[in-house]
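All remarks here apply to the structure that follows.
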Amino acid sequence: MPVAPLAAAPLSRAAFATLLLIALMMGANHVAARVAFDHGLDVATAVAVRSTATAGVVGLLVAWQGVPWAMTARQRRVLPVIGLLVAMQSLCLYASVARLPVALALLAFNTYPLWTALWARVFYGHRAEARVLRAMPVILVGLAIALDVFGAASGLGVAGQWGRIGIGVAFALAAGAIFGGILVLTQHEAARLDGRLRTATTMAVAAVVALGVVALQGGPHFPQAPAGWWGLATLSVLYGTAFTILFTVLPRLGVVGNSAIMNVEPIFALVLAWAILGQAIAPVQVAGGLLVVATVMWLGLRRG
């Protein structure tokens, strides 16, 4: 999801609570997606439904609030690219959620600050801040512990553990890499565009891409049980609501787009996945996850 950087002003209590609510809804969205996947929904159909619903809701808000559809020629060229990347990121992340415990998928995805620094360096020549360079090994160590890369916690050994999690981790890391590219591209090419208009446009493109993937695979694959339909409806409502709040309510509370506070999403997902799906990970993996989340929040809370 394309977001702007954190505002320099301190967060108000209302903004802080709203950010926590968004993180909770995004974490719950992924848990609901796993419920739907477990009952027959496929990834492309989930992304198509979610993106179409979100584009429609935000598009109606843009029309209702009278947001002018004014874009530069450069913005008109770059927004479809961002929309394509959003679709790819969504497909990869949901593909990971379908294969891994939800919290682990989100933790692997949370490597995106490292990818952001890399793409900013590659495409715009920006040197990574010393703070980011110091955080990189900490995030990677925490992620290695959380994923149990040596198979110690699972007792499967390296080969057995990677045979079980390898594809899911690859999808999550790909989603993080793509999201880092989205952040860099948005910041440099579309940051001045109204967030509501940018979201409606990129979500519409993402919906078209996802619908194209659905068509290529022979049509949608919807859930085969009521629980799956509830999961699909819940993920669509939660995702659309979170995005609507993100770009309509938060700017009025003094926050520009996003905050590091939202990186507690994997923690919410961990608790919800345990309560709803029965997913549990070893205590040492939880410690690794907390290390990743704390480090990413430390990065996001920097002032500059």
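Readers should treat all values here as calculations from the given coordinates under stated rules, not as data from a laboratory. Quick caveat, the model's predicted, so the values are computed rather than measured. Here the Cβ is made from the backbone with ideal geometry for all residues, glycine too, and neighbour counts use every protein chain on show.
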What does the helix-only formula give at 222 nm for the chain: each DSSP H stretch with n ≥ 4 adding -39500 (n - 2.57), the total divided by the residues, and the result rounded to the nearest 500 deg cm²/dmol?
-24500 deg cm²/dmol
Relative contact order of the stretch 13-300: what whole-number percent is it, with Cα pairs under 8 angstrom and at least 6 residues apart?
43
Reported label for calculated Kirkwood radius over Cα pairs in Å given (1) 21.4; (2) 20.5; (3) 19.5
(3)
Phi angles of the stretch 189-199, converted by Karplus (6.51 cos²θ - 1.76 cosθ + 1.60, θ = phi - 60°) into ³J(HN,Hα) in whole Hz with x for Gly and Pro, give 10, 9, 5, 7, 7, 3, x, 5, 5, 4, 5
Where does the longest stretch of the chain lie that holds no trypsin sites (Lys or Arg not before Pro) found in a DSSP loop with 16 or fewer other Cβ atoms within 10 Å?
1-126
From the Cα gyration tensor of the stretch 1-153, with a ≥ b ≥ c the square roots of its eigenvalues, which class applies: rounded if a/c is under 1.5, or else prolate if a/b is larger than b/c, or else oblate?
oblate
I'd like the chymotrypsin sites (Phe, Trp or Tyr not before Pro) in the stretch 17-96 restricted to DSSP loop residues with at most 11 other Cβ atoms within 10 Å, sorted by number.
W69
Relative contact order (%) - the stretch 117-190, alpha-carbon pairs under 8 angstrom, separation at least six:
24
Distance between the C-alpha centers of the stretch 145-170 and the stretch 76-96? Whole Å please.
28
Prolate/oblate/rounded label for the stretch 59-132 (Cα gyration tensor, a/c 1.5)
oblate
